[in-house]
1. HN-Hα J couplings of the stretch 116-125 from phi, Karplus 6.51/-1.76/1.60, θ = phi - 60°, integer Hz, Gly and Pro as x?
2. Along each of the three principal axes of the Cα atoms of the chain, give the extent in whole Å, ordering the values from largest to smallest.
3. List the residues whose amide H sits under 5 Å from the amide H of GLY118, counting only those 5 or more places along or on another chain, with H placed 1.01 Å from N in the peptide plane.
4. Relative to the Cα centre, what is the charge dipole magnitude of the chain, using +1 at the beta carbon of each Lys and Arg, -1 at the beta carbon of each Asp and Glu, and rounding to the nearest 20 debye?
5. Would you mind calculating the relative contact order of the chain from Cα pairs under 8 angstrom and at least 6 residues apart, reporting the percent as a whole number?
6. So how compact is the stretch 130-207: Cα radius of gyration and Dmax in angstrom?
7. Ranking ILE100, ILE196 by Cβ neighbours within 10 Å, fewest first, what do you get?
8. Sequence neighbours fewer than 8 away in the same chain don't count; with that in mind, list the aspartates and glutamates whose C-alpha is under 17 Å from LYS66.
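Bear in mind that the values in this text are calculations on the coordinates, not laboratory data. All values reported here derive from a predicted model rather than from experimental measurement. Every residue, glycine as well, gets a Cβ built from its backbone with ideal geometry; the counts of neighbours run over all protein chains shown.
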Amino acid sequence: MISIYSISALLGAYLLGSIPTAVWLGQAFYGVDVREYGSGNAGATNTFRVLGKKPGIAVMTIDILKGFTATKLAYLIGLSVTGPKHSVQFVNYELALGVIAVMGHLFPVFAGFRGGKGVATLFGMILAVNFPAAMLCVSVFVIVLLTTKYVSLSSICAGFTFPIGIVFVFHTSVKAEVLYSICVCLLILVTHQKNIERLLKGKESKVYLFKRKAA
């Protein structure tokens, strides 16, 4: 059912996703547009690369909250429209709102439609819809990152983990959630094409969470 509440929630989700955290933080505190440096993306990874650990963590946290909050706007629509919490219809509304937020991050109206890759916002959405699956993805991401130091490879591996976890580990019965998990995996692959090329050529930049010891 389309109502003023559902339309407002969808618009709100897009506007939340459109908040260009990396761009605004970089310009406000460092006088830098991160899109003009590094990989050219307005996301947490490039913020880590261009501005450092603290601003990178701030951008990542806010971008995750964007996805989480946008997804939870399903509660504002009203259970009379969405159906009971955790019902198939309610989850469908959550997924729709989360996807709109991710689109906002990719194509932010507040930053000339030049955004990031949406990984942190995607994670916020997964966190809101399926917390156990999100934690599984986090575990894989952290293990791969600590092992390889490649954020892009860690994101790709976590993306593949999501549909595998949804289907084979947690055995979800919501078809829309399974389909969404597959789309998440494909989206991460599409948005990381250049990273994959650099990984294959051995030219991808590494991110060190801890200071490297001097030789």
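1. Using θ = phi - 60°, the values come out as x, 9, x, 5, 5, 5, 4, 5, x, 5 Hz.
2. Dimensions of the chain along the principal axes of its Cα atoms: 62, 40, 26 Å.
3. none
4. The dipole of the chain has a size of about 840 debye.
5. Rounded, it is 20 percent for the chain.
6. 13.2, 41
7. ILE196, ILE100
8. GLU94
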